[in-house]
Amino acid sequence: MNAFDFLPQYAKMLHNLDLCLEKAIAHAKAKSFEVDTLVQARLAPDQYALDRQIQSACDSAKFSAAYLSGKQAPAHPDTEKTIAELRTRIKSCLAFLETVTAADVVGGEDRKVAPKWLGGKWVKGDQFLVQASLPNFYFHVTTAYSILRHNGVDVGKMDFMGSLPLRD
């Protein structure tokens, strides 16, 4: 397994999420409501709102890239209150992911990954990526997409998945 293979997928999905937010802006304009009301939208009372879903997706991608590459992830204080600020957060994470090269993650599968939330324990990089980071990332991206869809934004499966690298 090469951890670098997963980093472009994080970038693709964050880009797709940004495009969904772009559609949310157009939807709000067409329906004459303030797009930023969507920032606090949620699917269930005990579930994170859209802002936290996007923050969590970004964090999952950037921290995985950092853990597997040994680079320092950019700091984000989770203060976004508008769709524009959330889009800036996504762009910041995408910019960081672009700095991580295949050479940076060589040996990443064997690195000790010890986020604070593991309470002093650690897991190997490949196990962290496959068993924690990827599922967490997709959970938050999917939930953000679902919040937008639930609120009438015209997004569909291909908006979520994005284009495929088709060949003739």
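A short reminder: the numbers here are calculations on the coordinates, not readings from a lab. Computed from a predicted structure; not experimentally measured. With ideal geometry, Cβ positions are generated from the backbone for all residues, glycine too; neighbour counts draw on all protein chains shown.
Taking a 21 Å limit on the Cα-Cα distance, which of the listed pairs K91/K124; K29/K81; K62/K112; K23/K81 fall beyond it? Check vs 21 Å cut-off fails for K91/K124. All alpha carbon pair distances within the range 6-74 were sorted into 10 Å bins beginning at 0; the resulting P(r) in whole percents reads 18, 40, 30, 11, 1. Couplings for the range 119-124, taken from phi via the Karplus curve 6.51 cos²θ - 1.76 cosθ + 1.60 with θ = phi - 60°, read x, x, 8, 9, 9, 5 Hz in order; Gly and Pro are left as x.
Across the alpha-carbon set of the range 3-157, the Rg to Rh ratio works out to 1.00, Rh being the Kirkwood radius. As a ratio to 2.2 N^0.38 Å, the alpha-carbon radius of gyration for the range 94-141 is 1.25.
Taking the C-alpha atoms only, the angle from helix 50-69 to the longest principal axis of the chain is near 20 degrees.
Phi angles across the range 77-85 convert, under the Karplus curve 6.51 cos²θ - 1.76 cosθ + 1.60 with θ = phi - 60°, into 3J(HN,Hα) values of x, 6, 10, 5, 10, 10, 4, 4, 5 Hz, Gly and Pro given as x.
By the rule of a second cysteine Cβ within less than 4.7 angstrom, the chain holds isolated cysteines at C20.
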